[in-house]
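This report concerns only the one structure given below.
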């Protein structure tokens, strides 16, 4: 490691890719840092070598070997379609992009490790699921949504790749959904609604990962990758009802058969598109994953637990409130005034 | 002017003063909850405490463990279950001291009743009321119940967990006390004529979990629960329509509609037996079918024998 590591990040134009690049730039142990994406990141990056390329095109196979990287961090997996794009684009980017990347990796003899920013959506959301999924429990329940099947498919590709190349460490990180005041994800937008629709009679247990911990975990995994899947989640869990109280948002319970259509209409506005199927299930049954492997093997301790992440979000996103505020003073005046 | 009957209620002037106080607080920049808490100093102590609790809960400032168990809420519904325990079912608890006061433990009982595990809640009451060192047990609930609205959310808050090995192992590893009902849906669905005849104990999964986590097994015999919903038959049509594992037909259900869901006031007797120590076996014994089967049978026979004993002890089912 005398010359330092050479790292390439895919999807560097996304929030998470750019955040990771920014952190890795400060690492003196990394001698070369490159980022691939179709668009430049919004954030200013320093020494990161930006390569403009589409992961879905075979051009990646020509670029990657030339960079002589030893670590590839795959941040190019999207969780929801970009606003205005159909859900089929999601499948294209996630599955075809991953295949092209793996083909390129086959041609890169210098490669030692691959870290993938995957999703805990592979476990699905079920009423009677284990409260905390451990890594081997993936695919034990039926894969119900398109996104779930996509994630499962691309995990298969990585598993096959890892089997073919035992000398390469393949680390599949399964992220729980993230939350943070600076994030612009459908879930954060959902929680910032003036009145948050919930499903009548259901109170899911959620684990939302603080944005700092999300970057911290992937950075830790780049430094110390382990073989196989690793859940990335905060400690503990929080119920949606308590979450809404902490962020001071009134919930609007909707009978669950109507929640899907309501959320899909809202989803178009929130930019969640066809992903609402996943969100509906998440917001009905919730999902918890066990983060022991992240703590003990990767060695990353999440700074915020499930409730702490929400409190931090509530504290910083306070000014985000949209819509009218019911003013208690006027209500009181009416009551007390009426009494004379 | 305060109505004096145990609790004191403030007069209308005091309420108006309180509201004005809230208004002043809000005007000075406090949020409504904080303003209400500050204005409440003039109110009687019990109302003040009430407002504090409501304000705290509305802010989400309460504890909830990673399973969704909310101790404060469990305490709030305690009186309701206490009524069922003392008045409705007149529960008599025996051998409560056999329940370990700390550390992991697996309470194994016969199962009967309905989708709401009344037997689990009465065992909880017995431990909470009669044990010298009470603590909240957790209970495993039939999977299907956890897909239902309201029921799933409520059960989770009072300590229910979907049945399964992963959940059981994790809870026991956290040194919790866990109640399981290995008869499962076969127990709740048995006809009235089969009451107190233990069904097959699944595949002995509870023994495997106990062996792996080194948890003592406390067999529990619950008498009375099998008379609250006397199942005469079942309706396949309704079961298929609702997706329920079975829909019972009792003398009152579904004829009386929701009223038919009121459990009959049988007389109960809950007996906690001596704990079975599994520590003589290594955790690997969980893979030894013979050990698992023997232990499972031992627990089953203990409960069955105790059930017959308790039935005699209790006497008449309803009087």
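The values are calculated or read from the model by the stated rules, or taken from the named source; none is laboratory data. Please read all numbers here as calculations on a predicted model, not as lab measurements. We place every Cβ from the backbone using ideal geometry, glycine too, and count neighbours over all the protein chains shown.
So the values come out like this:
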| read-out | value |
| --- | --- |
| Only listed residue being touching a helix residue (DSSP H, G or I) at 6+ places or on another chain (Cβ under 7 Å), within 28 Å of residue B:165 (Cα to Cα) and either in contact (Cβ under 8 Å) with a residue 24 or more places away in the chain or assigned to a helix (DSSP H, G or I) (or both), chosen from B:284, B:301, B:274, B:297 | B:274 |
| Residues that are touching a helix residue (DSSP H, G or I) at 6+ places or on another chain (Cβ under 7 Å) and away from chain B (no Cβ under 12 Å), drawn from segment A:117-134 | A:117, A:118, A:119, A:121, A:122, A:124 |
| Failed condition for residue B:189, given (1) farther than 24 Å from residue B:273 by Cα; (2) away from every other protein chain (no Cβ under 14 Å); (3) touching a helix residue (DSSP H, G or I) at 6+ places or on another chain (Cβ under 9 Å) | (3) |
| Within segment A:93-111, tally of residues that are in a loop (DSSP other than H, G, I, E, B) and out of contact with any helix residue (DSSP H, G or I) (no Cβ under 7 Å at 6 or more places or on another chain) | 2 |
| Strands (runs of 3 or more DSSP E) wholly inside segment A:196-305 that include at least 3 residues being away from chain B (no Cβ under 11 Å) | A:228-232, A:251-254 |
| Residue tally, condition out of contact with any helix residue (DSSP H, G or I) (no Cβ under 9 Å at 6 or more places or on another chain) and farther than 22 Å from residue B:98 by Cα, over segment B:304-319 | 3 |
| In segment A:85-113, residue surrounded by the fewest Cβ atoms within 10 Å (Cβ to Cβ) [restricted to those that are farther than 25 Å from residue A:227 by Cα and either in contact with a strand residue (DSSP E or B) (Cβ under 8 Å, 6 or more places away or on another chain) or free of Cβ contacts under 8 Å to residues at least 12 places away in the same chain (or both)] | A:88 |
| Any helices (runs of 4 or more DSSP H) falling wholly within segment B:1-105 and containing at least 1 residues that are modelled with pLDDT under 85 and either within 30 Å of residue B:164 (Cβ to Cβ) or more than 14 Å from every other protein chain (Cβ to nearest Cβ) (or both) | B:45-58 |
| Qualifying position, being within 22 Å of residue B:228 (Cβ to Cβ), surrounded by 16 or more Cβ atoms within 10 Å (Cβ to Cβ), in the same structural domain as residue B:171 (by TED's automatic domain parsing) and within 16 Å of the chain's Cα centre (by Cα), among B:106, B:84 | B:84 |
| 1 or more residues without any contact (Cβ under 8 Å) to a residue 40 or more places away in the chain and over 14 Å from the mean Cα position of the chain (by Cα): qualifying helices (runs of 4 or more DSSP H) within segment B:126-237 | B:165-173, B:185-188 |
| Hits in segment B:48-62 (condition: out of contact with any helix residue (DSSP H, G or I) (no Cβ under 7 Å at 6 or more places or on another chain) and either more than 20 Å from residue A:203 (Cα to Cα) or touching a residue at least 40 places away in the same chain (Cβ under 8 Å) (or both)) | B:49, B:50, B:53 |
| Of all residues in segment A:141-163 being touching a helix residue (DSSP H, G or I) at 6+ places or on another chain (Cβ under 8 Å) and over 15 Å from residue A:277 (Cα atoms), the one that is nearest to the other protein chains (Cβ to nearest Cβ) | A:141 |
